[in-house]
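J.: The structure's right below; bear with me while I get my questions together.
The values are calculated or read from the model by the stated rules, or taken from the named source; none is laboratory data. Everything numeric in this text was worked out from a predicted model, so none of it was measured. Because the Cβ atoms are built from the backbone with ideal geometry, glycine has one as well, and the counts that use them run over all protein chains shown. Keep in mind that these areas ignore ligands, DNA and RNA; they rest on the heavy atoms of the full protein, side chains included. Shrake-Rupley method; radii C 1.70, N 1.55, O 1.52, S 1.80 Å.
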Amino acid sequence: MTDSVFRSHTATPITDIREERHEDVLALVERWLGVELDRASASYGNTGSTVGYLTDTGMWVRIQWRRTTRMNGQAWTGAECASVLTGVAKPRLRRSVRWQDDARDAVWRADEMTAVRSPVVSGNGGVTHDPHLDDAWWSELKTSLDALAAHETDRVGMRQAHLTRRITEIFGRSVDTGVDEWRTAHADLY
């Protein structure tokens, strides 16, 4: 592949994938993964750095970007690291592709994984009403979280100072926020 693929854009760095043209990125992903993305199924993340699509093979492709100067290994490799976990109900990572886009000052990653067909419980991270989940759903969640807690990792989703600040924002200083034992958990379980 030549650099001309990336030079066809304006040299303006990307800021929000929800609002900026990225058809060329989708075409590359389709070619490299050998799938066709269902454009009508686009599901954008809250921060404008991710988008996911169903594919013609029944899989899910999650595409994300990071500014070259703001790479965060922990956030960038989440699907890869999670792919080796056992006993946790989650999509299975099939394959990934990563590349640098100099014209946008970005690095892209596309992960192809099994599609989750269950409806979302909340589209914004907050649960404001009873989602009426059955006992089997709760049981599978508990089993998965217990299995996840048994895995050791050096990845950190929340440090003590952040936890203390967040709890204090809501409850004031009357709550002891000290944590005696840390476990592996899903840092953005919403």
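J.: Only one of (1) out of contact with any Phe, Trp or Tyr (no Cβ under 8 Å at 6 or more places or on another chain); (2) open to solvent by less than 30 Å² (accessible area, probe 1.4 Å); (3) aliphatic (A, V, I, L, M); (4) closer than 24 Å to SER41 by Cα is not met by ALA89, so which one is it?
T.: (2)
J.: Moving on to the next point. Only residues that are in contact (Cβ under 8 Å) with a residue 12 or more places away in the chain, farther than 21 Å from GLN100 by Cβ and assigned to a strand (DSSP E or B): list them for segment 42-64, please.
T.: Result: TYR44, TYR53, LEU54, THR55, MET59, TRP60.
J.: Please determine, by comparing only the residues of segment 99-114 that are open to solvent by 10 Å² or more (accessible area, probe 1.4 Å) and not β-branched (Val, Ile, Thr), which one is modelled with the highest pLDDT.
T.: Our first condition is that a residue be open to solvent by 10 Å² or more (accessible area, probe 1.4 Å); within segment 99-114, this holds for 99-100, 102-105, 107, 113-114.
Among the residues that remain, those that are also not β-branched (Val, Ile, Thr) are: 99-100, 102-105, 113.
Numbers: TRP99: 94, GLN100: 92, ASP102: 90, ALA103: 89, ARG104: 89, ASP105: 88, MET113: 97.
Within segment 99-114, the match that is modelled with the highest pLDDT is MET113.
J.: As an exercise: evaluate ARG117 against (1) open to solvent by less than 80 Å² (accessible area, probe 1.4 Å); (2) charged (D, E, K, R); (3) within 30 Å of ARG21 (Cα to Cα) and give the number of the one condition it does not meet.
T.: Single failed check for ARG117: (1).
Here is a yes/no grid of residues against (1) closer than 15 Å to THR114 by Cα; (2) among the β-branched types (Val, Ile, Thr); (3) at pLDDT 95 or above; (4) open to solvent by 50 Å² or more (accessible area, probe 1.4 Å):
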{"position": "ASN46", "(1), (2), (3), (4)": "no, no, no, yes"}
{"position": "THR50", "(1), (2), (3), (4)": "no, yes, no, no"}
{"position": "TYR53", "(1), (2), (3), (4)": "yes, no, yes, no"}
{"position": "TRP60", "(1), (2), (3), (4)": "yes, no, yes, yes"}
{"position": "GLN64", "(1), (2), (3), (4)": "no, no, no, no"}
{"position": "THR69", "(1), (2), (3), (4)": "no, yes, no, yes"}
{"position": "VAL97", "(1), (2), (3), (4)": "no, yes, yes, no"}
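J.: For the condition under 15 Å from the mean Cα position of the chain (by Cα) and among the acidic types (Asp, Glu), what is the one hit in ASP111, ASP105?
T.: ASP111
J.: Now for a separate question. Looking only at segment 57-76, how many residues end up being farther than 21 Å from TYR44 by Cβ and β-branched (Val, Ile, Thr)?
T.: 3
J.: Of everything in segment 120-158, what is among the charged types (D, E, K, R) and either within 16 Å of the chain's Cα centre (by Cα) or under 25 Å from MET59 (Cβ atoms) (or both)? Give them in sequence order. Show your work before the answer.
T.: Our first condition is that a residue be among the charged types (D, E, K, R); within segment 120-158, this holds for 130, 134-135, 140, 142, 146, 152, 154-155.
Across segment 120-158, the qualifying residues are GLU140, ARG155.
J.: Checking ARG117 against (1) more than 21 Å from the chain's Cα centre (by Cα); (2) free of Cβ contacts under 8 Å to residues at least 24 places away in the same chain: exactly one of these is not met. Which one?
T.: Condition not satisfied by ARG117: (1).
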